[in-house]
Amino acid sequence: MYNEKIMDHFMHPRNVGEIEDADGVGEVGNPQCGDIMKIYLTIEDDVIVDVKFKTFGCAAAIATSSMATELVKGKTIDEALKITNKAVAEALDGLPPIKMHCSVLAEQAIKAAIEDYRDKRDNKR
C-alpha cells in the first residue's frame, strides 16, 4: 500500500518534536480518521529556520508531516504558503488515494502555523 519513500518518512520521520516558544504553531485534525498534526515554526527575517512536528495518526499522516517539514525548512513564508498538498504527496512519490487527506492536513498545518506567526507578530506592533 505504501511506497518506499512513505515508509522511510514513517519509520525515520524528520523534524519530530516541539519548539519551545515557537514563533508560530498550527494544529489541525481530521475528526473522521482521528489524525491530528501540530507544526511548530521558528522564523527569522521571514525565513523558516526551524520546524518541528508532532502527529497522532497513521503512517501516511506521519510521513506527510515529516515531508512537509522538509519542504518548508529554509523557505520564506511566501514560499512555504505556496506548498500544496499535491506537492507534499508528489515529494513522497505519491500517496494512495484513500490517504490524500493526510497531505491536505500537512498543508493546512503549515498555513495555520504561519497564520499564528503573523497574528503574534501583528499583535506585537
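The values are calculated or read from the model by the stated rules, or taken from the named source; none is laboratory data. Here the structure is a predicted model, which means the values were calculated and not measured. In this analysis, Cβ positions are derived from the backbone assuming ideal geometry, glycine residues included, and neighbour counts consider all displayed protein chains.
Output yes when any residue across the stretch 55-69 is in contact with a Gly (Cβ under 9 Å, 6 or more places away or on another chain) and exposed (fewer than 15 other Cβ atoms within 10 Å of the Cβ), and no when none is. Yes, there is a match, as at least one residue in the stretch 55-69 is in contact with a Gly (Cβ under 9 Å, 6 or more places away or on another chain) and exposed (fewer than 15 other Cβ atoms within 10 Å of the Cβ). Residues that are over 19 Å from P13 (Cβ atoms) and among the charged types (D, E, K, R) within the stretch 38-74 comprise E44, D45, D46, listed in sequence order.
If you go through the stretch 76-91 and keep only what is touching a helix residue (DSSP H, G or I) at 6+ places or on another chain (Cβ under 9 Å) and either of a type in the set (K, R) or not in a helix (DSSP H, G or I) (or both), you end up with I83, T84, K86. Hey, among the residues in the stretch 32-62 that are in contact with a Cys (Cβ under 8 Å, 6 or more places away or on another chain) and of a type in the set (G, A, S), which one's modelled with the lowest pLDDT? Selected residue: G57. Within this structure, K5 fails the test of being part of a strand (DSSP E or B), touching an Asp or Glu at 6+ places or on another chain (Cβ under 7 Å) and at pLDDT 95 or above.
Quick check on the stretch 92-100. Is at least one of its residues of a type in the set (D, E, K, R), under 13 Å from the mean Cα position of the chain (by Cα), in a helix (DSSP H, G or I) and under 21 Å from K5 (Cβ atoms)?
The initial filter retains those residues of the stretch 92-100 that are of a type in the set (D, E, K, R), namely 93, 99.
Cutting the leftovers down to under 13 Å from the mean Cα position of the chain (by Cα) gives us none.
No, the stretch 92-100 contains no residue that is of a type in the set (D, E, K, R), under 13 Å from the mean Cα position of the chain (by Cα), in a helix (DSSP H, G or I) and under 21 Å from K5 (Cβ atoms).
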